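The values are calculated or read from the model by the stated rules, or taken from the named source; none is laboratory data. None of these values were measured; they are calculated from a predicted model. Because the Cβ atoms are built from the backbone with ideal geometry, glycine has one as well, and the counts that use them run over all protein chains shown. Ligands, DNA and RNA are stripped out before the accessible areas are found, and what is left, the full protein with its side chains, is counted by its heavy atoms. Shrake-Rupley method; radii C 1.70, N 1.55, O 1.52, S 1.80 Å.
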Amino acid sequence: MTTSPTDGRLLKGELRRQELIEATLQVVAREGVAGVSHRAVAREANQPATAAAYYFKSIDDLLTAALTLCMDQDAERMRRLAANADGSPEGLTALAELLANVMGGPGRLLAEYELYLLAARRPELRTSTGRWLEALAGYAQRYTDDPVRVQTFTSVVDGLLLQGLLTDTPPTAAEFEAVLRHVLL
């Protein structure tokens, strides 16, 4: 089977697009959503000044792509954890360790929450945030079928992460686990 000569260009274009999305997250982590411009993102990605505008027609397109990437990655991680969780305390240990690791390098998490909160103002962004919340709920359902406990769990995880961003000393894995055990066991 032969490949089309355009396949390499398409692959290169998709790679550039992904680099621009990652650069958007870095800009948001450092400067907030207000710091995102086509030029700033292209500079962060070490691409020509026009690259971001070529791949993303508007700043909203960039922000949407960045939020979608984050939420999809986070939801997939949560689904993998849920697949391995059997309702035992060990599953909570794995989740607590993941949450502590996420808090260890808070730049990306800060960018995610800034974009996450942007979805509160822009309903069109809620599809991707919904996938994250569904994945959290799916994890909780490995431990309980009580809808109130499931909702409590999703709220607690979001709250713990957000509060962790607001403190000088984020929660440890043991602290996360203690709360998770209280909610789900």
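Got a number for residues in the range 97-110 being without any contact (Cβ under 8 Å) to a residue 40 or more places away in the chain and either among the hydrophobic types (A, V, I, L, M, F, W, C) or buried (at least 21 other Cβ atoms within 10 Å of the Cβ) (or both)?
Within the range 97-110, residues that are without any contact (Cβ under 8 Å) to a residue 40 or more places away in the chain and either among the hydrophobic types (A, V, I, L, M, F, W, C) or buried (at least 21 other Cβ atoms within 10 Å of the Cβ) (or both) number 1.
Being open to solvent by 20 Å² or more (accessible area, probe 1.4 Å) and under 11 Å from the mean Cα position of the chain (by Cα) is the filter here; which residues of the range 55-90 pass it?
If the condition is that a residue be open to solvent by 20 Å² or more (accessible area, probe 1.4 Å) and under 11 Å from the mean Cα position of the chain (by Cα), then Thr68, Leu69, Asp72, Gln73, Glu76, Arg77 are the ones that fit.
If only one of Val179, Val157 is within 19 Å of Asp72 (Cα to Cα), touching a Leu at 6+ places or on another chain (Cβ under 8 Å), open to solvent by less than 70 Å² (accessible area, probe 1.4 Å) and not charged (D, E, K, R), which one is it?
The match here is Val157.
Return the residue satisfying two criteria in turn: it lies in the range 113-146 and is more than 13 Å from the chain's Cα centre (by Cα) and of a type in the set (Phe, Trp, Tyr), and of such residues it is nearest to Val28 (Cα to Cα).
Filtering the range 113-146 for residues that are more than 13 Å from the chain's Cα centre (by Cα) and of a type in the set (Phe, Trp, Tyr), the one nearest to Val28 (Cα to Cα) comes out as Tyr139.
Within the range 25-37, does at least one residue satisfy the condition of being closer than 20 Å to Leu109 by Cβ and charged (D, E, K, R)?
The answer is yes, given that some residue of the range 25-37 is closer than 20 Å to Leu109 by Cβ and charged (D, E, K, R).
List pairs: first in the range 135-163 and without any contact (Cβ under 8 Å) to a residue 24 or more places away in the chain, second open to solvent by 60 Å² or more (accessible area, probe 1.4 Å) and among the hydrophobic types (A, V, I, L, M, F, W, C), Cβ under 7 Å, 6+ apart or cross-chain?
Thr154/Leu133
Just to be sure I understand, how many residues within the range 25-47 are within 18 Å of the chain's Cα centre (by Cα) and open to solvent by 20 Å² or more (accessible area, probe 1.4 Å)?
Total meeting the criteria: 5.
Looking at the range 119-139, is at least one residue of a type in the set (S, T, N, Q), closer than 30 Å to Ser37 by Cα and in contact with a Leu (Cβ under 9 Å, 6 or more places away or on another chain)?
Yes, the range 119-139 has at least one match.
Out of Arg43, Arg80, Arg16, report the one residue that is part of a helix (DSSP H, G or I) and within 17 Å of Leu136 (Cα to Cα).
Matching residue, one of Arg43, Arg80, Arg16: Arg80.
Is the range 123-136 home to any residue that is of a type in the set (A, V, I, L, M, F, W, C) and assigned to a loop (DSSP other than H, G, I, E, B)?
No - not one qualifying residue is present in the range 123-136.
Give me the pairs, please: first residue somewhere in the range 111-134 and among the β-branched types (Val, Ile, Thr), second residue anywhere and open to solvent by less than 20 Å² (accessible area, probe 1.4 Å), beta-carbon distance under 6 Å, and either six or more positions apart or on two chains.
Thr129/Met71; Thr129/Ala119
Kindly list the number of the only condition in (1) touching a helix residue (DSSP H, G or I) at 6+ places or on another chain (Cβ under 7 Å); (2) more than 20 Å from Tyr113 (Cα to Cα); (3) touching a residue at least 60 places away in the same chain (Cβ under 8 Å) that fails for Pro170.
(2) is the only condition that Pro170 fails.
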